[in-house]
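For reference, the structure is listed below as C-alpha cells.
The values are calculated or read from the model by the stated rules, or taken from the named source; none is laboratory data. What you are looking at is a predicted structure, and each value in this text was computed from that prediction instead of being measured. Glycine also receives a Cβ, built like all others from the backbone with ideal geometry; neighbour counts cover every protein chain displayed. Only protein heavy atoms, including side chains, enter the accessible area calculation; ligands, DNA and RNA are left aside. Shrake-Rupley method; radii C 1.70, N 1.55, O 1.52, S 1.80 Å.
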2 protein chains.
Amino acid sequence: MTEACPVLPQRGPVRPLGLARVSIAGGFWGGRQAVNAAATLAHCEEWMERLGWLANFDRVADGTTGPDRPGWPFSDSEVYKLLEALAWESGRTGDPEAEAAIKRLTARVARAQDQDGYLNTCFGHGEQAPRYSDLEGGHELYNLGHLMQAAVARVRTHGEDDLVRLARRAADHVCRTFGPGERAGICGHPEIEVGLAELGRALGEERYVEQARLFLDRRGHGTLRDIPLGRAYFQDDVPIREAAVWRGHAVRALYLTAAAVDVAVERGDDELLGAVERQWERSVARRTYITGGMGSRHQDEGFGEDWELPPDRAYCETCAGVASIMVSWRLYLATGDVRYTDLIERTLYNVIATSPSPDGRAFFYANPLHQRAPGRASDDGEVSPRAEGGTRAAWFDVSCCPTNVARTLASLECYLAAASDDGLQIHQYAPSTVRAELPDGRRVAVEVETGYPETGTVRVRIASDEAAPWTLALRVPAWAAGATLTEGGRTRPVDPGLVEVRRAFRAGEVVTLELPVRPRITWPDPRIDAVRGCVAVERGPEVLCAESVDLPHPGGLDALVIDPHSDPREDSGGARVRARLRPRAGTTADVGDGWSYLAARPDAAGDAAEWFEVPLRPYHSWAQRGPSSMRVWLPIHE
Amino acid sequence: MTEACPVLPQRGPVRPLGLARVSIAGGFWGGRQAVNAAATLAHCEEWMERLGWLANFDRVADGTTGPDRPGWPFSDSEVYKLLEALAWESGRTGDPEAEAAIKRLTARVARAQDQDGYLNTCFGHGEQAPRYSDLEGGHELYNLGHLMQAAVARVRTHGEDDLVRLARRAADHVCRTFGPGERAGICGHPEIEVGLAELGRALGEERYVEQARLFLDRRGHGTLRDIPLGRAYFQDDVPIREAAVWRGHAVRALYLTAAAVDVAVERGDDELLGAVERQWERSVARRTYITGGMGSRHQDEGFGEDWELPPDRAYCETCAGVASIMVSWRLYLATGDVRYTDLIERTLYNVIATSPSPDGRAFFYANPLHQRAPGRASDDGEVSPRAEGGTRAAWFDVSCCPTNVARTLASLECYLAAASDDGLQIHQYAPSTVRAELPDGRRVAVEVETGYPETGTVRVRIASDEAAPWTLALRVPAWAAGATLTEGGRTRPVDPGLVEVRRAFRAGEVVTLELPVRPRITWPDPRIDAVRGCVAVERGPEVLCAESVDLPHPGGLDALVIDPHSDPREDSGGARVRARLRPRAGTTADVGDGWSYLAARPDAAGDAAEWFEVPLRPYHSWAQRGPSSMRVWLPIHE
C-alpha cells in the first residue's frame, strides 16, 4: 500500500507522511478527532438518511426517482465526503463502525451507478433533466470529484474495493465523455479536477491527470454560460494561469486552485505553479481574514475586492477553510515554503476548529468575526435554511460543511509533518508520533509532547537511533517572535521560519521549542477599511474574541473601547484586556436627535468611564455557551 | 379636477400641492426634469421595445405568448412606471410627445387585458403558469400596483381615460379575487397596497382602500411560503403594526410602509401610524446611510442589522430612495413633522440625483459610498446584468430604477411645498412658484428665487396680495446651524425646523432664508463600525466625496488621511479638505511580509508626508468623468 494521505505528488522538495507514519494522541486535535469519530460521522449519515439524500441512490437503482427528488443537485457529494471521512477514519483507527458504514454506503451508491459509469441521483433518470444538461448549476462532475477523493482515501488506506472500482468506472466515464475531441465542457463547481488528478496518482492512471489538465485549460474562456453573478463566480472569466487573484465563489476558486497545483506538479508546469503562488500571495495578503477565513461576501459566497474584509458580514465559509488548507498543503509540498503551513495552522485553529460544536453535532457554516445580535438557540431537529445566524446548526439545507469538517479531522495526521531527503519537518504541533523512512533507507522517528496551544512548550523526543546525522526541522510560526530552541543543553533564540537541527540524534534526546503563546495585540493594515480604529488580540495560533456573555451587561459589547497600549494580561481565567465603555446614551441623543451623522465628534469614552478588564476567549469557542454577540476586532480608545 | 399629485390623503395637518400649484423653473432640479423629459422617457420606451417587454403585451393580445416570454415577471411594471412618468410629465408641461406616448402605450397594454380585468404578460396565457400560481415570486399584484399609480397620475392630471379605465378594471378584478372571503393571498413584492389605496382615493372607491387594508393585515403571519432568504425578505415575518424596524428587501419594506401610512390615515388608525413612525425613527437612525440611502446588503437587496452600514457594499438601491421618499412624504402629510422632509431632501440630492447620468440615458442601480476599483466604462448598447460596477449603465436586466427615477423627477413639484390651514410651507428649495387656496378661500402665492444648493440664499417673494395675515413657513434643514431669516428689514438667527412668519404680506415683499452651505465635517456615530476613524464632508444638503480622478495618482485614494481639525475650504474650484498620504509601501512590507495583520501599529502617516488639499465634489456627480474610485468616508489623521 502507498502512503495513506490525501495528496501524494510525484515530485517535490518534501514528501507527505500518511496515517501509518503519523499519529495524534489526545490534545487539542486528538479530542476533536475523537468527537468526530464518535459523533459527527454517524450524525451526518443520520441526517442524510432522514432527508432522503441516501434514499436518492436507492430510488435511482429501483427506477423510481424523478424530478421530485429531495435535496440540492449536490447532495450526492455529501455522501461521498462522508465516505471519504469514513475511509480516513477506518484507516486511522481501524474503527469497525467506520468500516461497516463504508460498506453500507458504498453498496447503496454502487447500485445507482449506470452501466456506463455515470453516477448521479438528480439527472438522467426517469423524468429528470438529461445528463449534463446544466453544467453551470448541475454539479454532476463536482459530485464525482468528491467520489474520487473518497476513493483515493480508500485505496490508500485499504486497497481496491467496490468504492474504488465504482470511482474508477466514473472516472473512465468522465474521460470518455469530456476527453480530447469529446464534449469540451467543464463543471460550474470545480472539484472534478482535484478528484481526477489525485485518483490518477493513486491508481497510476495518467489519463485521469490529463483529463484534469484538460478541464483546467478549458476554464476561463467563457466555456460556461454567463449567469447573473457573472463568470467570475465559477472562475470561467480568466484562464487560471493568467489570473492575478482569487475571485468569485471562494470554495470554487480554492478547489480549482488545488487542482492547478496538482497538475502543475505532475506536468512540471512551473508557469502554472508560479501563477498560483502569486494568486495565493495577493489573496492571502488582501482577501483573507485574520482567522485565515476566506470569502467576504454573502451574495455569492465569494471573495471581495482587495481589502474588502468586513468582520460582520465575513462569510468565511467553513468549506473555504477546508479548501484553503487543501491549496496551501499542496503548495507546501510543491515548494517546501513554511508560509503555507503557517496559514494552515491559522485556518485549522480559527476556521476548522470553530465550526463544530463540542459534541460534534452542530456546525457553523459561515464564520463571521462580529456578531451584533445574539443568534437564536437552534433546535437539534431543525435544518437551518441559511448559512448565518450566530449559532451552530445541526444540519443545513446546503450542508457541505459538516462532511467537509469530518473528512478534514479524520485525515488531520496527514498535515502535521513531512519528510525531506534528509529528515523530518514538523509543521503542526500536537501530542503525536511521527516516523519516516528517508530515501537512503534511514528510519527516523520522533514523539512530540506538548500542551499546545494552551502552552507554548513543544518537546520533540527522538524515537529512532540512526547513527548518521539527519535534519530535524521545526516550524516557528510567523507570529512567534521571541521563540527559543533548546537542544544539546543549549538554548538559543530562533526566528520564524523553519529551524533546523542537523546532527546524529540518539533515541531519547529531546529538542524543545518554546513558542511565546501569551496574548498579543494585532493591528490591521490600514487599507482594511472595515476594521479601522480596532485591534485584535491573538494568543499563539488562536484568534481571541470578546463575547457578550462575559460582560456585565450584554449590550455593552459594542460600547467597548480597549486600551491598545497596555499588554493583554493572562491568568488562570484566561486572557484579559483593559477596556472601558463608551457612554452609549450620550452619543446619538446629544447631537443627532436620532440621526447618526453628527456635527461634532462623539465622545469616544468619557473621562468618567472606568477602566476594567474584559475576558477574551478563543474565537473557535464562541457561542458555545449559548447565543451571544461577539467581536474579534475591538475598537481602541484614542 | 382634483389636486394633481401622487398622494392626496383625506385628512392631515397639511395638504399637498399638485402640479397646477407648484412649478419649478430651472436650477438643480429643473435641469434634471428637462433631461428626464427630453431623454429618459424615450430612452426607457426604446429599451423596453428593444428587449420585447412591450411586445409581451402584444403577444398576449395576439394569443402568441408563452413561457418563453422575455424579461422578468415584473417587466410589465416598468411599462406602468413609464406610463406614470409620462402622465406626470404631460400634466406638468402638456408635452405632446408625452401625451402621444401615453396613448400609444396604453393602447398596447389595454389589448392585453383579459375580459375579467386580469392583466399580466407572464402568467395565465397559453402555456404559461396559471394566474397567481406563484404569489411569492410572480409579481402579478406588484405589477398592477404600479399600473394603479400610473392611473392615479393620469386621472389627477387629465381625467378618466383608457388608462384609468383599465386600471379600474384591474382593481375590481383584484378585489374580486382577493377580497373578503376570497383567496387570502398577498403578493411577495408589496406595491399593490399603495396602488390600491391611492386609486381608491383618486376614484372615490372605498373598496380599493379596504382591499389595501386587507392585504396589509394579512401580511406578517406566514401567509407566503418560506424562502431561503426567510420571510423577512418580503416582510411576512411580523405583522406590520408589531414590527420594530424595517428589515428584509428594502424596496419591499418601504412600498409596504407607504401603504401602511395611507391606510392608517384613511382609517384613522393611530396605532398603525404610530408603529410606522417608530419604525421610521429606528430605521433612519440605525439603518440609513448619510446619503439617505437604504439597504446595506447585496444578498437580498435588504436592510442589515442596526449599525450595519458598510460604505463599500452599501446597496442603497435607487428604487429604495424613491420608496423612502414615498414613505417620508406620506408621514409628513400625516404629521406635519419636518424631519420627514429633511430626509426627503437628503435622499433627493444624494440618491435620486446620483442615479441618472447628465444625459439621462444611464443610471446607477446601487449607490455605494466607497468604490475601491474604478468601474468599467459601459457600452451604451449593453444591458448590465448586475446592479453594481461603479459606472452608470444604459439599462439593466432588472431595470426598475430608470423608470422609478423618471416618475419621481416628473412629479417632483409635488414634494416641494404644502398648504397648512393658515398658509404655505416650503420644504424643498428650487427656483419655483407656489400657489395655494386656503380653506377659508384666501389665495396665497410665492416665488422662490435661489441658486440652492450651490448657494444658500433662498429668496421667497410674495406673489399674492391678501390683506389678512397668513403664515409662511420655511424648512430650516437639521444641518443648517447658523441659518438666518431676513424679513421686514430684520435679520434673525433661526433654528432647524419649521420657521414661521405670520402676518399680512404685500405682493413683492421678500423673505430671505440664508442657509450656511459651506462644507462641513460630519462624524459618524461610533456604533457604525464600518466607518470608524473616518469623517465625511457635507455641503448643504449634498454629501461630498473624493474621487481618484482628482488625485495626482489614482491609487492614492485609499492612502488618504485627512485632517479633521481644520475646516474644509471652498473656493471657485469647489470644496477642498486638508489631507496627506499614508506611506502605502511601508505598511505591509515592513512587518507582515504579505500578511496584513501586524504586530506593531502601522504608521498612519509618516511625519515626512506633506499636507495638501484634496478636491471634493458632490457625491451625486461621481463617475461622471469616467470610471473612478471614490470615497465618501475619509480616514482621519490621528
Review point. What percentage of the solvent-accessible surface of region A:417-514, computed with a 1.4 Å probe over protein heavy atoms, is contributed by carbon and sulfur atoms?
Key: 47 percent
Review point. How high is the FRET efficiency from A:Ala42 to A:Ser464, r the C-beta distance, R0 35 Å, rounded to 0.05?
Key: 0.40
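Within the P(r) computed for the protein assembly as shown, what percentage of the Cα pairs occupies the region above 58 Å?
21 percent
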Review point. If one takes the accessible area of chain B alone plus chain A alone and subtracts that of the pair, with a 1.4 Å probe, what total in Å², rounded to the nearest 100, results?
Key: 5000 Å²
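Report the antiparallel proportion of the DSSP beta bridges in the protein assembly as shown as a percent, rounded to a multiple of 5.
About 90 percent, rounded to the nearest 5.
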Point to revise | For chain A, Cys with no neighbouring Cys Cβ under 4.7 Å | key: A:Cys44, A:Cys122, A:Cys175, A:Cys187, A:Cys316, A:Cys319, A:Cys400, A:Cys401, A:Cys534, A:Cys545
Point to revise | Label-point gap, in nm, between A:Arg50 and B:Val510 - each point 7 angstrom along Cα→Cβ | key: 7.7 nm
Practice item. Sort the following peptides by mean Cβ neighbour count (other Cβ atoms within 10 Å, averaged over residues), highest first: A:163-173, A:273-283. Key: A:163-173, A:273-283
Exercise for review: Sort shortest first the distances from A:Asp571 to its counterpart in every other copy, using label points 7 Å along the Cα-to-beta-carbon line, and give them in nm.
Suggested key: 6.1
Check your understanding: Which ³J(HN,Hα) values in Hz, rounded to whole numbers, follow from the phi angles of region B:616-630 under the Karplus curve 6.51 cos²θ - 1.76 cosθ + 1.60, where θ = phi - 60° and Gly and Pro get x?
Key -> 10, 10, x, 3, 5, 9, 5, 6, 7, 9, x, x, 7, 8, 7
Exercise for review: Per DSSP H run of n ≥ 4, the term is -39500 (n - 2.57); total these for chain B, divide by its residue number, and report the mean residue ellipticity at 222 nm rounded to 500 deg cm²/dmol.
Suggested key: -10000 deg cm²/dmol
Check your understanding: Which distances, shortest first and in nm, link B:Arg503 to the matching position in the other copies, using label points set 7 Å out along Cα to C-beta?
Key -> 10.1
Point to revise | Estimated distance in nm for a label pair at A:Ala107 and B:Ile227, the labels positioned 7 Å out from Cα along Cα-to-Cβ | key: 4.4 nm
Study note, to complete from the structure: In whole percent, the fraction of accessible protein surface over region B:127-226 that belongs to carbon or sulfur atoms, probe radius 1.4 Å, stands at 46 percent
Review point. Can you list the GluC sites (Glu not before Pro) in region B:120-160 that are in a DSSP coil and have 15 or fewer other beta carbons within 10 angstrom?
Key: B:Glu127, B:Glu160
**Study point:** Inter-label distance, nm, simple model (7 Å from Cα along the C-beta direction), B:Ser572/A:Thr457
**Key:** 7.7 nm
Point to revise | In region B:196-239, the chymotrypsin sites (Phe, Trp or Tyr not before Pro) that fall in loop regions by DSSP, at most 10 other Cβ within 10 Å | key: none
**Study point:** Accessible solvent surface per residue of chain B, calculated while the other protein chains remain in place, 1.4 angstrom probe, Å²
**Key:** 32 Å²
Check your understanding: With θ set to phi - 60° and the Karplus curve 6.51 cos²θ - 1.76 cosθ + 1.60, what are the ³J(HN,Hα) couplings of region B:560-569 in order, to the nearest whole Hz, using x for Gly and Pro?
Key -> 5, 10, 10, 8, x, 9, 9, 5, x, 9
Exercise for review: Would you work out the relative contact order for chain A, in percent, from Cα pairs under 8 angstrom that are 6 or more residues apart?
Suggested key: 13 percent
Exercise for review: State whether chain A is rounded, prolate or oblate according to the following rule on the C-alpha gyration tensor (a ≥ b ≥ c being the square roots of its eigenvalues): a/c under 1.5 gives rounded; otherwise a/b larger than b/c gives prolate, and the remaining case gives oblate.
Suggested key: oblate
**Study point:** Alpha carbon centroid spacing (whole Å) that separates region A:43-96 from region A:105-159
**Key:** 11 Å
Study note, to complete from the structure: Filtering chymotrypsin sites (Phe, Trp or Tyr not before Pro) in region B:21-56 by DSSP loop and by at most 14 other Cβ atoms within 10 Å leaves none
**Study point:** Hz values of 3J(HN,Hα) by residue in region B:494-507 - Karplus curve (6.51, -1.76, 1.60), Gly and Pro given as x
**Key:** 10, 8, x, x, 9, 8, 10, 10, 10, 5, 7, 10, 9, 4
Review point. Where the label is 7 Å out from Cα toward Cβ, how close does B:Ala129 come to the same position in every other copy, in nm, shortest first?
Key: 1.5
Practice item. Quick one: which residues, 5+ away or cross-chain, put their amide H under 5 Å from the amide H of B:Thr471? H built at 1.01 Å from N. Key: B:Gly423, B:Leu424
